[in-house]
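Q: Handing you a structure now.
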Amino acid sequence: AHEFVSEGPLYKDLMKFGEPSFSNDTSCLAAIVHFMLLEHLELIAGDGGMTVLGNVLKDVPRQFQEPCLVAVEMMKFGILTGEPFDTAQASRPFPEHVRYPRAPVDSWTKSTLLLSRVMSLIPMRLKNDMWNADVDFDLAAFHSLVRVLHRALRQLTEASLASVLLKDLDRVSLLPHGFMCASPLANDPLETAAIFPTFMLPRACMGIVMLRFLRWQGNDLKAFERSLVQSFPCCVRPLADLLNAFSFWQELHRCVDQIAEPLGAEELAQDMNAASEVLRAKQQQLGITPGMMPPEIGGPPPNMPGGGLNVPPGAGGPGPGGPGRGGGCVGAGPNLGDGGKGRGNGRGG
């Protein structure tokens, strides 16, 4: 930003025609790939200038940058909404026992769908154990779309890196071990060895916890926390992670408000305003204030770039048979009609 404003040498070099050049340094390689990715996503202009989306995302806190970027990309395709999904074929409706809402839906249902979907983009800290908790039909369907987008973003990152290395294969030696690995480091579980965006496939655990929060009837925060611990034994600090997800919602809401008028996202902004009122009322019911982090459940937020921490890959989505014992937490699977709400007994989150 400083180079652009002051028209320094970095900015002037952008105006020159030709292939990008950089020093034989790992950080320089990482920077050039990052810039290429941001340009392909239209977050920076070809002349180094700022686009509308890039302008709002530059102010996002580091731990929320990747999920905010994913949310913005989903907005571009019109798949980040509070509307229920339609069946792929009219002749094959969703199973009745799923009780999936049909459009048009009331304001509360729409807000609930939007809140749970957005919150599901944020990972949770998980134990290395079975999920063994609720799964949700709508979030499984939503994450089948999220997975496609994450794979596309990761492939775009890999393609940007490959285009640089193919011009000089000797620079492959600049890549450290695990340069796109999102697994946490052994000595620091909140850091990874990756030097590029990994866009690891997320899990919908936070969306499921969010649904429990929105449907909670009491006003005792301690009782609610005990319920989370009992209902989601795989989660390390479910309430602390939930409070972190509230902060993510506020940050994404800010982004949408800023881009609504210039990019024609007024309808989504209105839906997020209505959802924020629902969220605020439920927070007041339980005595939760903005930025709250009780000391007994406090701690650093979960690692944003990847999914849940220390969770081995495992079973996919809701298993066949509807309510009862299902598969993993969120995997959509090839046939969503076989899942629905139930109890997930597969690994993952």
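Q: Within the stretch 15-27, identify whether any single residue is over 28 Å from Asp138 (Cβ atoms), open to solvent by less than 50 Å² (accessible area, probe 1.4 Å), in a helix (DSSP H, G or I) and polar (S, T, N, Q), and answer yes or no.
A: Within the stretch 15-27, one or more residues are over 28 Å from Asp138 (Cβ atoms), open to solvent by less than 50 Å² (accessible area, probe 1.4 Å), in a helix (DSSP H, G or I) and polar (S, T, N, Q).
Q: While we're on this one: Any residue at all in the stretch 69-77 that's within 30 Å of His253 (Cβ to Cβ), open to solvent by 80 Å² or more (accessible area, probe 1.4 Å), part of a helix (DSSP H, G or I) and at pLDDT 90 or above?
A: Yes - at least one qualifying residue is present in the stretch 69-77.
Q: On to the next question. Give the residues of the stretch 166-221 that are touching a Phe, Trp or Tyr at 6+ places or on another chain (Cβ under 9 Å) and aromatic (Phe, Trp, Tyr), sorted by residue number.
A: Phe179, Phe196, Phe213, Trp216
Q: Within the stretch 166-208, how many residues turn out to be of a type in the set (A, V, I, L, M) and in contact (Cβ under 8 Å) with a residue 60 or more places away in the chain?
A: Going through the stretch 166-208 one residue at a time, the tally reaches 11.
Q: Could you list, in sequence order, all residues of the stretch 151-182 that are hydrophobic (A, V, I, L, M, F, W, C), part of a helix (DSSP H, G or I) and open to solvent by 60 Å² or more (accessible area, probe 1.4 Å)?
A: The answer is Leu169, Val172.
Q: If you scan the stretch 236-266, which residues turn out to be touching a strand residue (DSSP E or B) at 6+ places or on another chain (Cβ under 7 Å) and open to solvent by less than 20 Å² (accessible area, probe 1.4 Å)?
A: Asp241
Q: Let me ask something else. Which of the residues that make up the stretch 172-209 are modelled with pLDDT of 80 or more and among the charged types (D, E, K, R)?
A: Hit for the stretch 172-209 is Arg203, nothing else.
Q: Further, regarding this structure: Do you know which residues across the stretch 183-216 are of a type outside the set (Phe, Trp, Tyr) and either under 20 Å from Val278 (Cα atoms) or open to solvent by less than 10 Å² (accessible area, probe 1.4 Å) (or both)?
A: Thr198, Ala204, Cys205, Met206, Gly207, Ile208, Val209, Met210, Leu211, Arg212, Leu214, Arg215
Q: Then there is this: Quickly run through the stretch 97-126 and pick out the residues that are in contact with a strand residue (DSSP E or B) (Cβ under 6 Å, 6 or more places away or on another chain) and part of a loop (DSSP other than H, G, I, E, B).
A: Once the filter is applied, which keeps residues that are in contact with a strand residue (DSSP E or B) (Cβ under 6 Å, 6 or more places away or on another chain) and part of a loop (DSSP other than H, G, I, E, B), the stretch 97-126 yields only Met124.
Q: In addition: Just wondering, is there one or more residues in the stretch 134-150 that are within 30 Å of Ser21 (Cβ to Cβ) and open to solvent by less than 10 Å² (accessible area, probe 1.4 Å)?
A: no
Q: Can you name the residue in the stretch 100-118 that is of a type in the set (Lys, Arg) and touching a residue at least 40 places away in the same chain (Cβ under 8 Å) and is also most open to solvent (accessible area, probe 1.4 Å) among such residues?
A: Lys110
Q: Return only the number of the condition from (1) surrounded by fewer than 19 Cβ atoms within 10 Å (Cβ to Cβ); (2) over 24 Å from the mean Cα position of the chain (by Cα); (3) not in a helix (DSSP H, G or I) that Phe94 does not satisfy.
A: Condition not satisfied by Phe94: (1).
Q: Test Leu309 against the stated conditions and say whether it is modelled with pLDDT of 90 or more and under 22 Å from the mean Cα position of the chain (by Cα).
A: Against the criterion (modelled with pLDDT of 90 or more and under 22 Å from the mean Cα position of the chain (by Cα)), Leu309 does not qualify.
Q: While we're looking at this one, here's another question. Looking only at residues in the stretch 219-235 that are part of a loop (DSSP other than H, G, I, E, B) and either open to solvent by 30 Å² or more (accessible area, probe 1.4 Å) or modelled with pLDDT of 95 or more (or both), which one is nearest to Thr112 (Cα to Cα)?
A: Ranking the candidates gives Asn219 first.
Q: Restricting attention to the stretch 261-292, which residues are part of a helix (DSSP H, G or I), under 30 Å from Leu221 (Cα atoms) and of a type outside the set (A, V, I, L, M)?
A: The answer is Gln270, Asp271, Asn273, Ser276, Glu277, Arg280, Lys282, Gln283, Gln284, Gln285.
The values are calculated or read from the model by the stated rules, or taken from the named source; none is laboratory data. Quick caveat, the model's predicted, so the values are computed rather than measured. Using ideal geometry, Cβ is built from the backbone for each residue, glycine included, and neighbour counts are taken over all protein chains shown. Please note that ligands, DNA and RNA were not included when accessible areas were found on the heavy atoms of the full protein model with its side chains. Shrake-Rupley method; radii C 1.70, N 1.55, O 1.52, S 1.80 Å.
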